[in-house]
Amino acid sequence: MKKIFIRSPYFIEVNELSQIGSKVELYFYNSGTAIPTLPTYTLSKPIASALQPNTVYNISNYAKDFIKPIAPVFVNDVVAEDVTTWCYVLVKRYKEVSAGSYTLLDEETIVCLNGFSKYSDGYNYSTTNVVVPMFNTEHNNYITSDRQKYLNIYVEVSEPCEWNTPDALFSFTPSLPTVYKLPLNNSLTTGNISQFFLASVEQFKAYAYTVCEPKYTPIICNFVNRYGGWEFLTFFKANMQSIEVNSKDFNMLPSAVNYNVLQGQKQVFNKQGKQKIKCNTGWVDENFSELIEDMLLSNVVLLDGKPAIVKSQSFDIKTSLNNKNINYEIEFEFNYGLINDVI
């Protein structure tokens, strides 16, 4: 099946001889649920003219209603990821041959992953690979011995798979196309390379280095990366926290002519506070810039399990040649008020 990344546009085109218009039926569903009997969305449009019969539909935005990642949940085994982190869409294309009369052209099932493509990837970027690592296989992962981390991978075929880490060997055979969690090693004494095999053929490696931080308490940032998988970025060094309070105030009429001087003239309304934190990665490799880029572009971010917003809107890409030692400082704001005012 074709895999698309729905944070970037993906177009379905209908361009047939003699058509006067077209229609596209979209059937969205999550893994483990049946294909809807009726289309979730039906899109239609007439042709612009006889000389411009091509009609185009962007289906990416419709998939976002069926993908709702909330937070990663770690288990020390290879298990399926939450089905709400990705979805399927069955696409049926029709041409309109006369007013209100449509002819089915074809249908296709597409896997929708919650990632994005780059401008350099070009028009309608997709992949048909049966194994899709949902992370950058080139960058190094830094983890702590007391925290847990995993990688996401999409596997489409029912063939024997192995996830071989320095700590354990996990063997499994998918029964259905599924996004899996691949646990990373969290040992200070074993190696750092994990390998994924499909039918005994190596597909990719992952590099994880366990770091002992004796002074600071590391902070874990979870976010959905460009591939649609959960990413775990550890801020090992110092963090600085602050609180910002805002409110509105008005001059009020006194309760009596002979007013109480202890009441004051102003009344404060809608007082609310928010918490901010600046975090430092510690010394990292050059390829960490891609992790930082994905984090700034992510629309789902958690900091030590709490919803957060990345307040840093830019960062300088550092290199060992220019900067020698590389550290990134990123500012976050927790995505909730200090006073519970949810109604």
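The values are calculated or read from the model by the stated rules, or taken from the named source; none is laboratory data. This structure is a prediction, so every number in the text was calculated from the model and none was measured. Heads up, the Cβs are rebuilt from the backbone with ideal geometry, glycines too, and the neighbour counts pull from every protein chain shown.
Look at (1) surrounded by fewer than 17 Cβ atoms within 10 Å (Cβ to Cβ); (2) farther than 22 Å from Lys205 by Cα; (3) under 17 Å from the mean Cα position of the chain (by Cα) and you find that Gly100 fails only one, number (3). Pull up segment 165-186, narrow it to residues that are of a type in the set (Ser, Thr, Tyr) and not in a loop (DSSP other than H, G, I, E, B), then point me to the one that is nearest to Ala80 (Cα to Cα). So the residue we want is Tyr180.
Within segment 200-236, the set of residues being in contact with a Cys (Cβ under 8 Å, 6 or more places away or on another chain) and either surrounded by fewer than 20 Cβ atoms within 10 Å (Cβ to Cβ) or not in a strand (DSSP E or B) (or both) comprises just one member, Ile219.
The condition of being modelled with pLDDT of 95 or more and closer than 23 Å to Ile193 by Cβ holds for only one of Ile153, Ile59, Ile143, Ile110, that being Ile153. The strands (runs of 3 or more DSSP E) falling completely within segment 1-119 that include 1 or more residues that are more than 30 Å from Thr178 (Cβ to Cβ) map to 11-14, 21-29, 41-46, 55-58, 86-98, 101-113.
Would it be correct to say that Ile59 is in contact with a strand residue (DSSP E or B) (Cβ under 7 Å, 6 or more places away or on another chain) and surrounded by 16 or more Cβ atoms within 10 Å (Cβ to Cβ)? Walk me through how you get there before you give the answer.
Details: in contact with a strand residue (DSSP E or B) (Cβ under 7 Å, 6 or more places away or on another chain): yes; surrounded by 16 or more Cβ atoms within 10 Å (Cβ to Cβ): yes.
Criteria met by Ile59.
With respect to (1) touching a Leu at 6+ places or on another chain (Cβ under 7 Å); (2) in a strand (DSSP E or B), the lone exception for Phe135 is condition (2). The residue that is surrounded by the most Cβ atoms within 10 Å (Cβ to Cβ), counting only those in segment 6-26 that are in contact with an Asp or Glu (Cβ under 9 Å, 6 or more places away or on another chain) and closer than 23 Å to Thr84 by Cα, is Glu25.
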